[in-house]
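Coordinate-derived values only; no laboratory data. Remember, it's a predicted structure, so these values are computed and weren't measured experimentally. Glycine also receives a Cβ, built like all others from the backbone with ideal geometry; neighbour counts cover every protein chain displayed.
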Amino acid sequence: MAEFVKSAEFVMSNSDIAYLPKPTLPEYAFIGRSNVGKSSLINSLCNNKKLAKTSSKPGKTQLINHFLIDKEWFLVDLPGYGYTRTSVSSKQHWQNFSRRYLRSRESLMCIFLLIDSRHKPQEVDLLFMEWIGTNGLPFVIVFTKADKLKEVELEQNIENYCQELLQSWEELPQIFRTSSVNKQGNEEILQFVKETNKLFEVPKGKNQVRF
Ligand code: GTP
Ligand code: MG
C-alpha cells in the first residue's frame with residue numbers, strides 16, 4: 001500500500017538535550033552536512049514546504065527540531081555539520097550537542113545520514129560514520145538530490161561510494177535514493193519507518209504518551 005504522511009506537526013526546538021520531548025515514541029534523526037537537503041527532505045516526506053526551514057545558504061538549522069508525524073513517531077531535524085565558514089567554537093558546539101543527543105536518546109530508532117549524491121565521498125562524512133559505528137548506533141544512508149543527476153551518473157556515484165565504504169566497513173548500511181523535488185524515495189523511507197516502528201519499546205520507567 002502507498003505510504004504517505006497524514007499529519008505532521010512541529011513540536012519544539014531545543015538547544016539543550018535536557019528539554020527534549022519524553023522518549024515515549026520511536027524517533028528518527030536526519031543528519032548530514034550543511035545544505036545536503038535535510039530540511040527539504042523532511043518537508044517533502046510530510047508534504048509541507050513550510051514545516052522545516054530550508055535555505056540555499058548552509059547553516060540554516062541551528063537547533064534540534066522535533067516534528068510529530070501521524071501522532072506516532074518523531075522526525076528530528078538536526079543542524080548540519082562540515083560548514084567550513086562556521087567558527088571553531090560553533091563546530092565544537094555542534095559536535096557536543098548533536099553527538100550527546102544521538103548517543104543518549106533512548107528512543108532513537110535510526111539515524112538517517114544524508115549524503116549529497118553528486119559528490120565524491122567526503123572525509124567529514126566518513127569520519128562521522130566511523131563515530132556512529134564506534135558508538136553502535138543504527139543508521140542508513142540517504143543519497144539526496146538525485147534529480148540533479150542522470151540515472152547512470154547517480155548509480156555510478158553510489159557504486160563508488162559503496163566501494164569506498166567497503167574499505168573500512170564489512171557490511172554496507174541500507175541505502176535510499178531521494179529527491180525532494182520529485183519525491184523519489186519517499187515511499188521507501190516511510191515504509192522503512194513503518195516497519196522499524198514495530199520494533200519500538202517504550203523505555204523502562206516511561207509511560208507511553210499519546211499526543
Ligand atoms: P542546513 O539546515 O543548513 O544544515 O541545510 P539542510 O541540509 O537542511 O538543507 P536544505 O534542506 O535547507 O536544502 C539546501 C538547499 O538544497 C536548498 O536550496 C534546497 O532547495 C536544495 N535542495 C534540497 N534537497 C534537494 C533536492 O532533492 N533536489 C534539488 N534539486 N535541490 C534540493
Ligand atoms: Mg536544515
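The phi-based Karplus calculation (6.51 cos²θ - 1.76 cosθ + 1.60; θ = phi - 60°) puts the 3J(HN,Hα) values of region 169-179 at 10, 6, 10, 8, x, 5, 10, 10, 10, 9, 9 Hz, whole numbers, x for Gly and Pro.
Return the subset of 6/148; 50/150; 49/204; 50/183; 71/198 for which the Cα-Cα distance in this structure is over 25 Å, preserving the input order. Could the numbers behind the result be given before it?
On the way: 6/148 28 Å; 50/150 28 Å; 49/204 36 Å; 50/183 16 Å; 71/198 15 Å.
Listed pairs above 25 Å: 6/148; 50/150; 49/204.
The alpha-carbon of residue 22 sits under 12 angstrom from the alpha-carbons of these aspartates and glutamates, leaving out residues fewer than 8 places away in its chain: 106.
Using the number of other C-beta atoms within 10 angstrom as an exposure proxy, rank 76, 181 with the fewest first.
If I rank by nearby Cβ atoms, fewest first, I get 181, 76.
For a straight C-alpha distance cut-off of 16 angstrom, the lysines reachable from residue 53 (same-chain residues fewer than eight places away being disregarded) are 38.
3J(HN,Hα) couplings calculated from phi for region 62-68 with the Karplus curve 6.51 cos²θ - 1.76 cosθ + 1.60 (θ = phi - 60°) are, in sequence order, 10, 10, 7, 10, 9, 10, 9 Hz; Gly and Pro show x.
Overall, the chain carries a charge dipole of about 1000 debye about its Cα centre when +1 sits on the Cβ of Lys and Arg and -1 on the Cβ of Asp and Glu, all other atoms neutral. Amide H to amide H, with H built 1.01 Å from N, residue 11 comes under 5 Å of 66, 67, 68, counting only residues 5 or more places away or on other chains. Springs join every pair of Cα atoms under 10 Å in this Gaussian network model of the chain, and among 47, 186, 135 the largest mean-square fluctuation is at 135.
Annotation for region 86-181: trypsin sites (Lys or Arg not before Pro) lying in DSSP loop with at most 14 further Cβ atoms inside 10 Å of their Cβ are 118, 150.
Percent of C-alpha pairs per 5 Å bin in the chain, short distances first: 1, 7, 15, 20, 21, 18, 11, 5, 1, 0, 0. Distance between the C-alpha centres of region 1-74 and region 127-193: 19 Å, rounded to the whole angstrom. Taking the fewest neighbouring Cβ atoms within 10 Å as the starting point, the ordered list for 183, 71 is 71, 183.
Close amide H partners of residue 176, meaning residues 5 or more places away or on another chain with modelled amide H under 5 Å apart, are 141, 142, 143. Projected onto their three principal axes, the Cα atoms of region 25-64 cover extents of 31, 19, 15 Å, largest first.
Coordinate range of the alpha-carbon atoms in region 117-211 per principal axis, descending: 48, 33, 20 Å. In order along region 189-203, phi translates into HN-Hα couplings of 5, 5, 5, 4, 5, 4, 5, 5, 4, 5, 8, 6, 10, 5, x Hz, rounded to whole numbers, per the Karplus curve 6.51 cos²θ - 1.76 cosθ + 1.60 with θ = phi - 60° and x for Gly and Pro.
Taking every DSSP beta bridge that has both residues in the chain, what percent is antiparallel when rounded to the nearest 5? Of those bridges, close to 35 percent are antiparallel.
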